[in-house]
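Below you'll find the structure, written out as structure tokens, and then a few comments.
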Amino acid sequence: MKSKDLVNILAEKYQPPESAKNNAQKVLDWRKEHGDDVKGMTSVGWRRARQLASGKSVSKDIVKRMAQFNRHRKNYEKARKKEEYKSEPWKSAAIVAWLGWGGTTGINWAIEKSKGFKD
């Protein structure tokens, strides 16, 4: 085990997958480029996107919150099938929120990771 991994375990910090970072960064880039056209997240959601995009480890509590975001999966899947969002996905609140919270890979990772939590 690498010392970084041991420190993260002791501090209860977890490293989200690179794709979660990339998904969150995509949403932040859309917001910068398209401004008010990009909707779908609360202030907590934007904070999470910035946190994930930073590439830093996250706490156990954040992993659990990411896993809980799975309840929005159907909204995301429905939105990404709509023709109107194929060329402008940032106009869908469901797509923006889903990617901002790490996207499918990030949320699936959080679900799996949180299964091992004792509390």
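Where a number appears in this text, it was derived from the coordinates with a stated rule and is not lab data. Everything quoted here is computed from the prediction, not taken from an experiment. Note that each Cβ is placed from the backbone with ideal geometry, even for glycine, and that neighbours are counted across all protein chains shown.
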Relative contact order computed over the chain (Cα-Cα under 8 Å; 6+ residues apart), in percent: 39
Trypsin sites (Lys or Arg not before Pro) lying in DSSP loop within the stretch 11-73, provided at most 13 other Cβ fall within 10 Å: Lys39, Lys56
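Mind scanning Lys13/Lys113; Lys32/Lys82; Lys32/Lys60; Lys39/Lys60 and naming the pairs with a C-alpha gap bigger than 22 Å?
On the way: Lys13/Lys113 11 Å; Lys32/Lys82 24 Å; Lys32/Lys60 29 Å; Lys39/Lys60 27 Å.
Distance filter (> 22 Å) returns Lys32/Lys82; Lys32/Lys60; Lys39/Lys60.
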